[in-house]
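Notes for the one structure printed next.
The values are calculated or read from the model by the stated rules, or taken from the named source; none is laboratory data. Predicted model only: the values in this text are computed from it and were never measured. When we count neighbours, we look across all protein chains shown, and the Cβ atoms used for this are built from the backbone with ideal geometry, even at glycine. When the accessible area is computed, the model is the full protein with side chains, heavy atoms only, and any ligands, DNA or RNA have been set aside. Shrake-Rupley method; radii C 1.70, N 1.55, O 1.52, S 1.80 Å.
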Protein chains: 2
Amino acid sequence: MATERNDETVGTGTLGKAMAVLETVALADRPMRFTDVLAISGQPRGTLHRQMSHLVHEGLLELRADHVYVPGLRLLKLASASWARSEFRAVAAPFLEALHGETGETVHLGVLRGREIIYLDKVESRQAVRMNSQIGNASPVYCTGVGKAALSTLDPAALDVILSGIEFQRFTPQTIVDRATLLGELEAVRRSGVAFDREEHEPGIRCVAAPVCDAARSLVAGVSVTGPAYRVGQEKLDAWVPLVRRAADAIKSELDARLGPQR
Amino acid sequence: MATERNDETVGTGTLGKAMAVLETVALADRPMRFTDVLAISGQPRGTLHRQMSHLVHEGLLELRADHVYVPGLRLLKLASASWARSEFRAVAAPFLEALHGETGETVHLGVLRGREIIYLDKVESRQAVRMNSQIGNASPVYCTGVGKAALSTLDPAALDVILSGIEFQRFTPQTIVDRATLLGELEAVRRSGVAFDREEHEPGIRCVAAPVCDAARSLVAGVSVTGPAYRVGQEKLDAWVPLVRRAADAIKSELDARLGPQR
DNA sequence: AACTCAGTTCCAAATAATGGAACAAAAAGG
DNA sequence: CCTTTTTGTTCCATTATTTGGAACTGAGTT
């Protein structure tokens, strides 16, 4: 059953270890002191200390006066440049705007990366929530509309690789927490062409999503319209279905058109 | 003493080289093929190839089917996490909102990093420009309001380290392109407490900025209000001076108050 | 003063990166 | 169609870097 080697644990030599440490600090939800990282990483003191010094030196981490490590500004700079140059995002942007115009609710564009969905763009009217809150965010595939939409486009082999690595976690009473249910749900998504998130990730948040992927299946993504449950009932989600599907298809066409001629 | 060591040329072993390659790809303004990077980096083919393979393996770069390297999504994920957890940004946010409310124009928060200003946050009403366009962006210190404000807080030694490394580049007719003029300007900024950008970086764009730095001078930043020249004359900039200064001072106080007790 | 704990430095041994050259696959050119 | 050139990939003995245990520092306790 072609159980692909789980390369994630291998680590690409020095770089892999450095990234593991960086991620430990960057994704932690509290400021990390040296000892905190030490406990998590399990590396010898001397080794870890040098690794972190290197990260600081490179501007990927910052060591504040009180011995607290925080993510460095170089990360922001690199990510900003990469975001600005993302061709996919640029292609999709006008369709996201249009979809937002039609629905009046928040529109997301997310891409599959490993077992996560990473949000590439967002369009929303209300500035109430701090801008930027979603972009670059990573969420699990199995409990987001975009995630399920993306998964629905994969062939069984690719799907198996992802699914076998998932550790289901319950976020709400509606969260799907077993593989069988998820597979059933994906079958439904394949038939209907859209995926719903009925408060499976965050209580009070619902969405409809449709899959977007390029011909080579090298880019697997999804578009969604999201709204608060008190305002968005099933009828509204159903009403959005054709809109979301149309937006997703339009992005896909535009993508194929742009990528085709290059060759 | 301990003047910051200018190790930038040394490179932190393996990690430094990897980051140099990553930055080459991420900051380029066109998609890069292997050979393009090869020419720039000057490394042997075999070496560079392996380095880039490692970067791809780690998700920092992505190798598309047509042999084009693009920045990887992991960068976005890391940067998003770091942005969300930036304490400084969180402290400043409400004051930026207030300043935007008072002026009606775009407000920026930028931090000094090396010889660049990196924008940490932005508040603007009009959605016309794609959101996110500024955040994480890097601009030169010498031709931005925030940059000159930040520089004005530095002591002569620290300032000298930065200035001696600058390669002035002319962006507009008003851009400051020599050290002497810049030093004079900084003196004026120190006296008045605010820095102006009179279309020095982008034609048609003006701003007023005030410096923000913490007591230990480990964080050097600035706040600015920016507007288009056709709408923003010198009188308007002058009118904003007290507002910007007040916002900057308020952020500084809040910062000291929060960082003080921790100790 | 003695003790602890967090952070930092050191250096022989283990490991990973280097880079030149050979190989493979595509384009370009005749 | 075959040759040449360009581009991308792999190999492996040599070289440089990382490793990790232990020893050192220095601030905060008891």
Do we have residue A:109 as open to solvent by less than 40 Å² (accessible area, probe 1.4 Å) and either over 30 Å from residue A:257 (Cβ atoms) or modelled with pLDDT under 90 (or both) here?
no
Looking for something buried (at least 16 other Cβ atoms within 10 Å of the Cβ), at pLDDT 90 or above, within 11 Å of chain B (Cβ to nearest Cβ) and touching a Pro at 6+ places or on another chain (Cβ under 8 Å) - is there at least one such residue anywhere in segment A:118-139?
no
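Open to solvent by 40 Å² or more (accessible area, probe 1.4 Å) and modelled with pLDDT under 90, is that true of residue B:89?
Working: open to solvent by 40 Å² or more (accessible area, probe 1.4 Å): no; modelled with pLDDT under 90: yes.
Against the criterion (open to solvent by 40 Å² or more (accessible area, probe 1.4 Å) and modelled with pLDDT under 90), residue B:89 does not qualify.
Given the criterion more than 7 Å from chain B (Cβ to nearest Cβ), over 21 Å from residue B:25 (Cα atoms), within 16 Å of DNA strand D (Cβ to nearest atom) and buried (at least 19 other Cβ atoms within 10 Å of the Cβ), identify the matching residue among A:43, A:51. If you could, list the steps in order and put the result at the bottom.
On the way: A:43 fails: buried (at least 19 other Cβ atoms within 10 Å of the Cβ).
None of the others qualify; the one that does is A:51.
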Among the residues of segment B:146-203, what is the count of those that are touching a Cys at 6+ places or on another chain (Cβ under 6 Å) and charged (D, E, K, R)?
2
Over segment A:54-69, the set of residues open to solvent by 30 Å² or more (accessible area, probe 1.4 Å) and more than 8 Å from DNA strand C (Cβ to nearest atom) is A:54, A:56, A:57, A:62, A:64, A:65, A:66
Among (1) assigned to a loop (DSSP other than H, G, I, E, B); (2) of a type in the set (Lys, Arg); (3) touching a Phe, Trp or Tyr at 6+ places or on another chain (Cβ under 9 Å), where does residue B:148 come up short?
(1)
Report, ordered by the first and then the second residue, all pairs with beta carbons closer than 8 Å, sequence separation of six or more or different chains, a first member in segment B:14-35 that is within 10 Å of chain A (Cβ to nearest Cβ) and among the charged types (D, E, K, R), and a second member that is part of a helix (DSSP H, G or I) and away from DNA strand C (no atom under 15 Å from the Cβ).
B:23/A:78
Segment A:208-228, residues that are open to solvent by 10 Å² or more (accessible area, probe 1.4 Å) and at pLDDT 95 or above
A:211
Checked against (1) closer than 20 Å to residue A:243 by Cβ; (2) surrounded by 16 or more Cβ atoms within 10 Å (Cβ to Cβ), residue A:199 satisfies every condition except (1)
